[in-house]
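Student: First, the structure itself, so that you have it in front of you.
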């Protein structure tokens, strides 16, 4: 009999984290006008989800699933394709960064991983602007500030996610999860 890479339980967990990202994007809004500030919430959720399942591809699956949900709900400011690609890029970027820094319970590693993952979303939005013919001067005007904002809030979300993973381990969550599988 063939064994699957992700168990059904892990797939359900990843889908729940994907839904949580979409709910956080809808309901948790900071009253600041900085691009990328939502990365604080959803990069924390991404790091916790990838840390709990702890297999390659977990973050990509969270990003893909949350992208499908967000596009279906009509979220995003540039249409369904941009929303889907942005959310998926966050997951893929996070997974790629986790190849180099796999320990998400280390605050520095998680901060860097989440900053890279959130920057992938910025790159998708930037490429979409170029492909759709947005004026280059308009794109360059706030490009550096927006990129710094994405890196900062993504990294902050990664730090929050790392601290959450440490608290879950200290509370015995992983031992409990191992018993329930």
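The values are calculated or read from the model by the stated rules, or taken from the named source; none is laboratory data. The structure displayed is predicted, hence computed values, not measured ones. Positions of Cβ are generated from backbone atoms using ideal geometry, with glycine treated the same way; all protein chains shown enter the neighbour counts.
Student: Looking at the range 22-47, I want the residues that are in contact (Cβ under 8 Å) with a residue 40 or more places away in the chain and have a partner that is surrounded by fewer than 14 Cβ atoms within 10 Å (Cβ to Cβ) with Cβ atoms under 7 Å, at least 6 apart or on another chain. Which pairs are those?
Tutor: 22/73; 37/30; 41/28
Student: Can you spot a residue in the range 42-54 that is surrounded by 21 or more Cβ atoms within 10 Å (Cβ to Cβ), modelled with pLDDT under 90 and either part of a loop (DSSP other than H, G, I, E, B) or under 12 Å from the mean Cα position of the chain (by Cα) (or both)?
Tutor: So far as the range 42-54 goes, yes, one or more of its residues are surrounded by 21 or more Cβ atoms within 10 Å (Cβ to Cβ), modelled with pLDDT under 90 and either part of a loop (DSSP other than H, G, I, E, B) or under 12 Å from the mean Cα position of the chain (by Cα) (or both).
Student: Give the residues of the range 19-30 that are at pLDDT below 90 and either crowded, with 17+ Cβ neighbours inside 10 Å or assigned to a loop (DSSP other than H, G, I, E, B) (or both), sorted by residue number. Before the answer, list the steps.
Tutor: Going residue by residue through the range 19-30, those that are at pLDDT below 90 are 25-30.
Scanning the range 19-30 gives 25, 28, 29, 30.
Student: Please state which one of 11, 69, 16 is part of a helix (DSSP H, G or I) and crowded, with 17+ Cβ neighbours inside 10 Å. Steps first, please.
Tutor: On the way: 11 fails: crowded, with 17+ Cβ neighbours inside 10 Å; 16 fails: crowded, with 17+ Cβ neighbours inside 10 Å.
It is 69.
Student: Restrict the check to the range 131-140 and report whether at least one residue is within 21 Å of residue 18 (Cβ to Cβ), at pLDDT below 90 and in a loop (DSSP other than H, G, I, E, B).
Tutor: Narrowing the range 131-140 to residues within 21 Å of residue 18 (Cβ to Cβ): none.
Scanning the range 131-140 turns up no residue that is within 21 Å of residue 18 (Cβ to Cβ), at pLDDT below 90 and in a loop (DSSP other than H, G, I, E, B).
Student: For the range 82-104, check the following and say yes or no: at least one residue is in contact (Cβ under 8 Å) with a residue 40 or more places away in the chain, buried (at least 16 other Cβ atoms within 10 Å of the Cβ) and over 21 Å from residue 24 (Cβ atoms). Give the derivation first.
Tutor: Within the range 82-104, the subset in contact (Cβ under 8 Å) with a residue 40 or more places away in the chain is 82, 85, 87, 90-91, 94-95, 98-99, 104.
Next, only the ones that are buried (at least 16 other Cβ atoms within 10 Å of the Cβ) stay: 82, 85, 87, 90-91, 94-95, 98, 104.
From what's left, over 21 Å from residue 24 (Cβ atoms): none.
The answer is no, given that none of the residues of the range 82-104 is in contact (Cβ under 8 Å) with a residue 40 or more places away in the chain, buried (at least 16 other Cβ atoms within 10 Å of the Cβ) and over 21 Å from residue 24 (Cβ atoms).
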